[in-house]
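The values are calculated or read from the model by the stated rules, or taken from the named source; none is laboratory data. Computed from a prediction, not measured in an experiment: that's the story for all the values here. Cβ sites come from the backbone with ideal geometry, for glycine too, and all protein chains shown count toward neighbours.
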């Protein structure tokens, strides 16, 4: 088995175990056995469970961003239209590929795992920042966005995802209590507010950056709740 294939097999096994058994119940030995590889082969790629989770998050983020880039490239229009196409595709992709969402739901319900949350945020940010910087630069160069430092603005916008932790923890709590409508409202309020912040940062009229549609929000909530 090629090293890249071995790594993917490990991530597939770990993700499946974390979802089915829960984070605490899974050991490194469990993942080694499920992946069907030697301990040496396993530890060549990952030293800890935290490493595994960061890699799972990075893989999911990369797949989401890759799909969103394709949607953006296939969209005709100005930089804002293409940015919104990118965002819409990330929501669609996550709603239709919710395999890893239960892992996030469990971690969000555990406030003591702040270090792990920081690690997963870093894995996500590393992939999102370059893509967002490119889109903001396109808008600035076309004269549509008023953002004098695209890379810095991208860093700030990506940082908004880090601040979602409390809101998403509330979403998970509401969803697990079978209050899907309430959970959807919390998620929609948070992402709508983030869109408004992005409008200001990019020098756009309010309501320009669209962070999603209520139908997508509900689908994400239902995935988190296991509905």
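Structure notes:
- Boolean, residue 91 is touching a helix residue (DSSP H, G or I) at 6+ places or on another chain (Cβ under 9 Å), part of a helix (DSSP H, G or I) and crowded, with 20+ Cβ neighbours inside 10 Å: yes
- Residue count for the stretch 24-41, restricted to those that are modelled with pLDDT under 90 and either surrounded by 16 or more Cβ atoms within 10 Å (Cβ to Cβ) or closer than 9 Å to residue 14 by Cα (or both): 2
- The listed residue being modelled with pLDDT under 90, under 16 Å from residue 102 (Cα atoms) and either buried (at least 19 other Cβ atoms within 10 Å of the Cβ) or over 22 Å from the mean Cα position of the chain (by Cα) (or both), out of 17, 53, 11: 53
- Qualifying residue in the stretch 97-117 (condition: crowded, with 18+ Cβ neighbours inside 10 Å, modelled with pLDDT of 85 or more and either more than 17 Å from the chain's Cα centre (by Cα) or assigned to a helix (DSSP H, G or I) (or both)): no
- Subset of the stretch 157-172 [assigned to a helix (DSSP H, G or I), in contact (Cβ under 8 Å) with a residue 12 or more places away in the chain and either in contact with a strand residue (DSSP E or B) (Cβ under 8 Å, 6 or more places away or on another chain) or over 20 Å from residue 208 (Cβ atoms) (or both)]: 162, 165, 167, 168, 169, 170, 171, 172
- Taking first residues from the stretch 205-226 that are closer than 30 Å to residue 146 by Cβ and partners that are modelled with pLDDT under 80, the Cβ contacts under 7 Å between residues at least 6 apart in sequence or on separate chains come to 216/95.
- On inspection, residue 175 fails the criterion of being in contact (Cβ under 8 Å) with a residue 40 or more places away in the chain, in a helix (DSSP H, G or I), at negative phi and surrounded by fewer than 20 Cβ atoms within 10 Å (Cβ to Cβ).
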